[in-house]
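First comes the structure, then the notes that go with it.
The values are calculated or read from the model by the stated rules, or taken from the named source; none is laboratory data. Keep in mind that this is a model prediction, so the values were computed, not measured. Here the Cβ is made from the backbone with ideal geometry for all residues, glycine too, and neighbour counts use every protein chain on show. Areas reflect the complete protein model, heavy atoms only, side chains present, ligands, DNA and RNA absent. Shrake-Rupley method; radii C 1.70, N 1.55, O 1.52, S 1.80 Å.
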Amino acid sequence: MKKAVIYTQRVELIERYQERRDCADQKIPLFLEACGYVPIPVPNIISELDKFMETIKPAGVLLTGGNSLAKYGGDAPERDVMEYQLIREAIIKKIPIYGFCRGMQIVLDYFGCELKNVQGHVAVKHNVDGEWGSMEVNSYHNQACVEIKAPLQIMARSDDGVIEAAAYPEKNMIVTMWHPEREMPFQKTDIARVRNLFECAETEKQ
């Protein structure tokens, strides 16, 4: 039976209805299905996240894009709170984490890395290079890091020095600034990286 992976959602403010809505690009669950998992969204307002995770027993956690962090001008503080708790719970329960774009930013912030405003990283393709080799990736972000703190390790940088990928191998955690779900078709390297992350963690538990 396929394992589940829970994924986070952006917050959209719908003034006409006075609503704050959780939502996600439909390509995100499609990407998780391509990786071999059952996608399950997690709400940004949840009183017992630990019980939610205990019920789902996810093979992994996907921290998705959208919404700047509140401390950097974002308007979804409830998402920051939930994702901080989600990262803590995943580490405690030894559940692997993959985060992209904002998902990388929240992980960087969690480990005390300061984000900087960057130029030329929105709606472009650029090259990155590092531990994972050289590749062309998409880019949709205004903020990033040029230096990070231990225990995070740099996996890839863009030509202008921006850190585009990082990892915390001991905790089965990888993050990228690029969006794997925005590549059509999905890149085999992105699928393999995510699948390997979640499957290796599952093997370690057995």
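Structure notes:
- Whenever a residue of the stretch 83-110 is within 18 Å of LEU69 (Cβ to Cβ), its partners that are modelled with pLDDT of 95 or more and open to solvent by 30 Å² or more (accessible area, probe 1.4 Å), lying with C-beta atoms within less than 6 angstrom and at least six residues away or across chains, give the pairs ILE87/TYR110.
- Applying the set (1) more than 18 Å from the chain's Cα centre (by Cα); (2) in a strand (DSSP E or B); (3) touching a residue at least 24 places away in the same chain (Cβ under 8 Å) to PRO39 leaves exactly one unmet item: (1).
- Members of the stretch 28-42 that are surrounded by fewer than 16 Cβ atoms within 10 Å (Cβ to Cβ) and at negative phi: LEU30, GLU33, ILE40
- Within the stretch 171-187, residues that are among the polar types (S, T, N, Q) reach partners that are outside any loop (DSSP other than H, G, I, E, B) and surrounded by fewer than 22 Cβ atoms within 10 Å (Cβ to Cβ) with beta carbons closer than 6 Å, at six or more positions or on different chains, in the pairs ASN172/ALA201.
- Some residue of the stretch 91-100 being of a type in the set (Phe, Trp, Tyr), closer than 23 Å to LEU152 by Cα, in a helix (DSSP H, G or I) and modelled with pLDDT of 95 or more: no
- Flag for GLN9 being surrounded by 15 or more Cβ atoms within 10 Å (Cβ to Cβ), polar (S, T, N, Q) and either farther than 25 Å from PHE111 by Cα or within 14 Å of the chain's Cα centre (by Cα) (or both): yes
- Any hit, the stretch 174-183, residues being assigned to a strand (DSSP E or B), at pLDDT 95 or above, aromatic (Phe, Trp, Tyr) and out of contact with any helix residue (DSSP H, G or I) (no Cβ under 6 Å at 6 or more places or on another chain): no
- Subset of the stretch 155-189 [open to solvent by less than 10 Å² (accessible area, probe 1.4 Å) and of a type in the set (D, E, K, R)]: GLU164, GLU181
- Residue in the stretch 12-25 that is of a type in the set (A, V, I, L, M) and more than 15 Å from the chain's Cα centre (by Cα) present: yes
- Of all residues in the stretch 111-124 being in a strand (DSSP E or B) and in contact (Cβ under 8 Å) with a residue 24 or more places away in the chain, the one that is farthest from ILE87 (Cα to Cα): ASN117
- Entry remark, the stretch 71-100: residues being open to solvent by 40 Å² or more (accessible area, probe 1.4 Å) and either farther than 16 Å from HIS141 by Cβ or not small (Gly, Ala, Ser) (or both) number 12 in total.
- Filter result for the condition that a residue is of a type in the set (S, T, N, Q), within 23 Å of ARG193 (Cα to Cα), outside any helix (DSSP H, G or I) and out of contact with any Pro (no Cβ under 7 Å at 6 or more places or on another chain), over ASN67, ASN127: ASN127
- Selection status of LYS116, under 22 Å from ASN138 (Cβ atoms), surrounded by fewer than 15 Cβ atoms within 10 Å (Cβ to Cβ) and among the charged types (D, E, K, R): yes
- Taken over the stretch 70-81, the criterion of being within 22 Å of SER47 (Cβ to Cβ) and in a helix (DSSP H, G or I) is satisfied by ALA70, PRO77, GLU78, ARG79, ASP80, VAL81.
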